[in-house]
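Just below is one structure, and these are the notes that go with it.
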Amino acid sequence: MEDLYRDHLLDHYENPRHHGRIEGADISHEENNPLCGDKIRIDVKLGEDGALIADIGFTGDGCIISQAAASMLLEEVAGKTLADVQKLDTQDVLDMIGVTLTTNRVKCAALGLKVLKAGVYRYMIEHADPPCAA
Amino acid sequence: MDVLDVGAIRRDFPILNERVQGKPVVFLDSAASSQKPAQVTQAMDQVYRRTYANVHRGVYTFSEQSTDLYDQARVKIARFIGAPAPENIVFVRNATEALNLVAYSYGRSALKPGDEVLITELEHHANFVPWMVLAKERDLALKFIPITPGGLLDLDRLDELITPRTRLVSFAQVSNVLGTITDPRPIIERAHAAGAKVVVDGCQAAPHMPVDVQALDCDFYALSGHKMLGPTGIGALYGKRELLEAMPPFLTGGDMISYVGFDRVAWNDVPLKFEAGTPAFVEAIGLGAAVDYLSALGMPAVRAHEREIVAYALERMSEVPGATIVGPTDPDVRGGAVTFTLAGIHPHDLGTLLDREGIAIRAGHHCAQPLHIRLGINATARASFYIYSELREVDALVEGIYKAKRTLRR
């Protein structure tokens, strides 16, 4: 079992990176995992160009897998662009964790990415250039 | 009263010899779904091998045999819960469908705007959401019997909660989370005095204790077969005859009609009026075999066995530092489930770590989110027991918890 709850996972759970809320965030989104009620909220502050992730933070409540995966995810995307976030999928998160999860636990690991992508998607829709008048 | 011969019982459950993660399985999730004895799987296997054909229509031997077995299953289930006649038993997929049938068919025909429906804070989503949806649609008031800090229904509030406008009361006889056993009789008496009908969700009760729907005098009673040794996909709704007769059909189609012309249709008699389409009759026959198995053990003995296991589990868990029991700690009012939280360890992580030891428990909100909101906790861990559970499995659980605490440095 040490393979699953190994040190780097426990370390991210006990000392989460990018933890906390961000004042004046451009994107704020929260969702829960209907399987267990785990919650994650992610705030994103964008750079001047509206594309670069200048600051990012998460808060939440849940199991080691969901919270540690969110911490690793935010470490990965800080300083990248919204377009980079859109390219990420569940497998990328599983690669970050580096341990094998059973089917039901994959949902825990993917919760942070689900929240982040949903928030980014909503931001993109709301800030899309108006279609050209034909 | 007979005492269960658990060693003999376990020999009827081949799955209990399986190994999980290289270790003998310790299955502590029977409240979600029970394991099946060979008698049940063999009864179904025999139908498929020897007499299978669609019920009710055929005039040939296989169809007659299947129909007879299906009818016998209905008789067995009626007897098992003390129903006056097999016609009081409607076969459904599970208790969820039984409760939806009442909400759709009875609720939509008998309840009017302004009527009140009373449920409780501890309900499973299956006895919560259908009433919520119905209340929105019909402009009903949905009210809740609260729970006490000890996890019991606060029946002192009944006088104010049951009003002349209360038309329907629905509650779980045993909570799937807290394990709370509620005596339905005082609630049913008060509801009937106000002229309300009563639905009892017996999903966690019928598998574990004697049930007599006539003695309870409830109007409807819902159960799931898969929680009481039966297969998945089959459950039953008991209803009083006059109510079932008056209710419109839930689903329509084949088998539930007596006549169909181009401009009119007449419904079949109760209970077939509620069983549109080819029913899960092989599963019903399997449930009949499950009921035979439980009846042979004797339901008072089943309840006594689970009470013993739960009392032992509550005692062992009280020694574990950081463990908090959720719900009643008196085994007399607690069904076969022990629900708990563990300081510093999320139930999901505990579940995964216990799985590494071959121990199966449930973690999460157990389809009772409103209750968890009321309790102020996100998720709980639940170990639940049945006729094949042994005291040594409780010991394995407690040992597994200590190991998990060491692994996670808690």
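In the calculated pair-distance distribution of region B:72-168, the portion above 20 angstrom amounts to 50 percent of the Cα-Cα pairs. Under 5 Å from the amide H of B:Thr180 lie the amide H atoms of B:Ser175, B:Gly335, each residue being 5 or more positions distant or on a separate chain, with H modelled from the backbone and absent for Pro and chain starts.
Considering only DSSP beta bridges whose two residues both sit in region B:41-296, what percent are antiparallel, to the nearest 5? Within region B:41-296, antiparallel bridges account for around 45 percent of the total. Taking amide H as placed 1.01 Å from N in the peptide plane, the amide H of B:Val169 sits under 5 Å from that of B:Leu118, B:Lys197, B:Val198, B:Val199, each at least 5 places away or on another chain. Evaluated at q = 0.10 Å⁻¹, the base-10 log of the normalised Debye intensity for region B:258-410, with identical point scatterers placed on the Cα atoms, takes the values -0.52. Applying the Karplus relation 6.51 cos²θ - 1.76 cosθ + 1.60 with θ = phi - 60° to region B:151-162 yields 3J(HN,Hα) values of x, 9, 5, 7, 6, 5, 8, 4, 4, 7, 7, 8 Hz, where x marks Gly and Pro. Evaluating 6.51 cos²θ - 1.76 cosθ + 1.60 at θ = phi - 60° for every residue in region B:123-129, the Karplus couplings come out as 5, 5, 3, 5, 10, 10, 5 Hz, glycine and proline recorded as x.
For the peptides B:48-58, B:278-288, B:220-230, B:31-41, residues were scored by their other Cβ atoms within 10 Å and the scores averaged per peptide; the highest-first order is B:220-230, B:278-288, B:31-41, B:48-58. Specify whether the C-alpha gyration tensor of region B:41-296 places it in the rounded, prolate or oblate class, a ≥ b ≥ c being the square roots of the eigenvalues: rounded for a/c under 1.5, otherwise prolate if a/b is larger than b/c and oblate if not. Oblate. The translational diffusion coefficient of the protein assembly as shown, from Stokes-Einstein at 37 °C and 0.692 mPa s with a Kirkwood hydrodynamic radius over alpha carbon pairs, comes to 128 µm²/s.
Taking every DSSP beta bridge that has both ends in the protein assembly as shown, the antiparallel portion is near 70%. Rounded to whole Å, give me the distance from the Cα center of region A:88-108 to that of region B:362-406. One Cα centre to the other: 25 Å. Return the tail of the calculated pair distribution for region A:7-124, meaning the percent of Cα-Cα pairs more than 19 Å apart. Value for region A:7-124: 39 percent of Cα pairs lie more than 19 Å apart.
Here the 3J(HN,Hα) profile of region B:22-33, calculated from phi with Karplus coefficients 6.51, -1.76 and 1.60 at θ = phi - 60°, is x, 10, x, 5, 10, 8, 10, 9, 6, 5, 7, 6 Hz, Gly and Pro shown as x. Taking every DSSP helix (H) stretch of at least 4 residues in chain A, weighting each as -39,500 (n - 2.57) and dividing the sum by the residue count yields a mean residue ellipticity at 222 nm of -14000 deg cm²/dmol.
Largest GNM mean-square fluctuation among B:Val333, B:Val320, B:Val265, using chain B with Cα springs under 10 Å: B:Val265. When each of the peptides B:64-70, B:157-163 is scored by how many other beta carbons lie within 10 Å of its residues on average, the order from highest to lowest is B:64-70, B:157-163. Need one number: % antiparallel among DSSP beta bridges in region A:7-124, to the nearest 5. Taking every DSSP beta bridge with both residues in region A:7-124, the antiparallel ones total about 95 percent.
Read-outs throughout are calculated quantities, based only on the coordinates presented, and are distinct from any laboratory measurement. Please read all numbers here as calculations on a predicted model, not as lab measurements. Neighbour counts are summed over all protein chains in view; Cβ atoms, including those assigned to glycine, are modelled from backbone coordinates with ideal geometry.
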